[in-house]
Amino acid sequence: MDSLLNDVASRAQRYLASVAERRVSPSLAALKGLEAFAIPLQDEPLAPANVLAELDSLGSPATVASIGGRYFGFVTGGALPAAQAANMLAAAWDQNAGLELQSPVSAYLERVCRGWLVELLGLPAQTEIGFVTGATMANFTGLAAARHAVLQAHGWDVEARGLFGAPPITVVVGNEVHVSLLKALSLLGLGRERVVRVPVDGQGRMIVAKLPAIEGPAIICAQAGNVNTGAFDPIAEIARVRGTGTWIHVDGAFGLWAAAAPAKRALTAGIELADSIATDAHKWLNVPYDSGLAFVRDPRALNAAMSASAAYLIEGESRDPHLFVPEMSRRARAIEIWAALRSLGRRGLAEMIERNCRHAERFAHELRKAGHEILNDVALNQVLVSFGAPERTRRVIAAIQQDGTCWCGGTEWQGNIAMRISVSSWATNDADVAKSIEAILRCAREVQRAATERA
Ligand SMILES: Cc1ncc(COP(=O)(O)O)c(C=O)c1O
């Protein structure tokens, strides 16, 4: 085992050292190399060192270097060194974090992180957290607590009786709701199509004056950070006009972290009034995948929606993690969250968020200066760029991905085809941004030249 661990450490070290120099997306040769995995399973065992060597030689080149500083796809944070190292130690511990009895350290760290996070993000002190796999499950978890609470207030026990015969719940979403929230609603039996959609403005923010008058059990699903523009719904205003008994859930997959950065905190105004909030730790807190957080202001609602008991599930002294999440057996995600927060401190976290936002502004400024259109107000870490006609923009995106210097994805924003730049990693520095801008402008020029030649 000793030599295997030394071997894995040096392979991991070589991989991380190569990231700054290599292409961000894997080469065609590396992708072709994956075919060597497609062999019949042999009869006899293979030495672990050989398994690792095979994985490294075929697998490492075919990874996307999203851990480096020039990956701007989706909203994919990097992994902070302390969080990544903690993840490796946690692999050695191999804890089942379901029960306190199975992993006292994980249960303890969940409690510590809960206290730190609630304070850091300015949420009510009693807020409980479910440590889940990502924002999709955090949306699911927060909305399960919502479903419990709004139906309980109308005398209905949804966990015991299900939704058959229950009073109908009005679910309100903004027209630019993230697809994961709709998926969560569908998993909960609330339906992705029976929602009331509220019109939004040009940035994707809900127009509060268009909120419907609501009676009976109701959940309003707001958003803190639109996946395309980064815009925030006006949560404080929504909270002001909601009826009594209406639950407010906020999908803050990445935007919630603005609350930890003084320069951006104002965007999250009213977040403390939300009943539940979903966020990702693997996005802007930069812990390894997978890791999300479901914050619920009333711990009883979360616990009622998630709890399960059986004679053999021996209860711990204080707080059994599985009572706040959908899973029972689970990975000890709080370890990496603790390591990320402990290594950054309040100042380090704020600086990372603010630095990423400054880099987004620089992208927008330089691309606009070169004559390209920026489609959003760059208030956070997202930039939407149009290179002209839809086909031209698509070609530029393909050229950038092919070039390999950096990686940006595409999207459609309110009828326009756009390239998305999402700056979400601690590893992105000024040089990465400069090199990426240079590559983007070069690809745009090449696409333009090719179009002129064709014409
Ligand atoms: C606003 C929003 N909600 C939810 C999600 C889903 O997050 P995850 O993929 O971690 O489940 C995303 C992902 O980009 C997002 O931007």
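The values are calculated or read from the model by the stated rules, or taken from the named source; none is laboratory data. Remember, it's a predicted structure, so these values are computed and weren't measured experimentally. Note that each Cβ is placed from the backbone with ideal geometry, even for glycine, and that neighbours are counted across all protein chains shown. The area values use the complete protein model at the heavy-atom level, side chains included, leaving out ligands, DNA and RNA. Shrake-Rupley method; radii C 1.70, N 1.55, O 1.52, S 1.80 Å.
Roll a 1.4 Å probe over the protein chains and send me the accessible area per residue for the chain in Å².
Per-residue value: 45 Å².
In the chain, Cα pairs under 8 Å separated by at least six residues give a relative contact order of 22 percent.
Using r as the Cβ-Cβ distance of E373 and A85, and R0 as 41 Å, what FRET efficiency do you calculate, to the nearest 0.05?
Plugging the Cβ-Cβ distance into 1/(1 + (r/R0)^6) gives 0.45.
The count of lysine pairs in the chain whose Cα atoms are under 30 Å apart, excluding pairs fewer than 8 places apart on the same chain, comes to 12.
Would you list the membrane-span-like helices of the chain, meaning whole DSSP H runs whose alpha-carbon atoms span at least 15 Å along their axis and whose mean Kyte-Doolittle value is at least 0.0? The qualifying helices are 81-93, 104-120, 135-152.
Write down the percent of antiparallel bridges among all DSSP beta bridges whose residues are both part of the chain, to the nearest 5. Given both bridge residues lie in the chain, the antiparallel proportion sits at roughly 60 percent.
Grouping the Cα pair distances of the chain into 20 Å bins from zero gives a pair-distance distribution of 23, 52, 23, 1 percent in increasing distance order. A simple spin-label model places the labels of V196 and D290 3.3 nm from each other, with each point 7 Å out along Cα-to-Cβ.
Residues whose amide H comes within less than 5 Å of that of W413, counting only those at least five positions distant or on another chain, are A418 (H built at 1.01 Å from N in the peptide plane).
Database remark: amide H of R319 closer than 5 angstrom to no amide H (H placed geometrically; neighbours at sequence offset of 5 or more, or on other chains; Pro and chain starts carry no H). Applied to the range 23-34, the Karplus parametrisation 6.51 cos²θ - 1.76 cosθ + 1.60 on θ = phi - 60° returns per-residue 3J(HN,Hα) values of 4, 6, 8, x, 6, 4, 5, 5, 5, 4, x, 4 Hz, with x for Gly and Pro. Each residue of the range 358-455 gets 90 Å³ once the volume of the Cα convex hull is shared out per residue. The mean sequence separation of alpha-carbon pairs under 8 Å and at least six residues apart, normalised by the residue count of the range 243-329, gives a relative contact order of 22 percent.
With the helix formula -39500 (n - 2.57) applied to DSSP H stretches of n ≥ 4, the chain reaches a computed 222 nm mean residue ellipticity of -13000 deg cm²/dmol.
In a fully extended conformation the segment linking K435 and S343 would gain 30.3 nm over its present Cα-Cα distance, using 0.36 nm per residue.
Residues within the reach of a label modelled at D7 (point 7 angstrom out along Cα to beta-carbon, backbone nitrogen below 18 Å), restricted to the range 50-89, are 50-61. Just the number, please: carbon plus sulfur as a percent of the accessible area of the chain, 1.4 Å probe, no ligands or DNA/RNA counted. After summing per-atom areas, the C and S share lands at 55 percent. With a/c under 1.5 counting as rounded, go ahead and sort the range 253-296 into rounded, prolate or oblate using the C-alpha gyration tensor (a ≥ b ≥ c being the square roots of the eigenvalues; past the cut-off, prolate if a/b is larger than b/c, else oblate). Oblate, because a/c is 1.5 or more while a/b does not exceed b/c.
For the peptides 187-198, 273-284, 32-43, the ranking by mean Cβ contacts within 10 Å, running from highest to lowest, is 273-284, 187-198, 32-43.
Hull volume per residue, based on the alpha-carbon atoms of the range 1-103 and their convex hull, is 168 Å³.
Between W93 and V179, the FRET efficiency estimated from the beta carbon spacing at R0 = 25 angstrom works out to 0.10.
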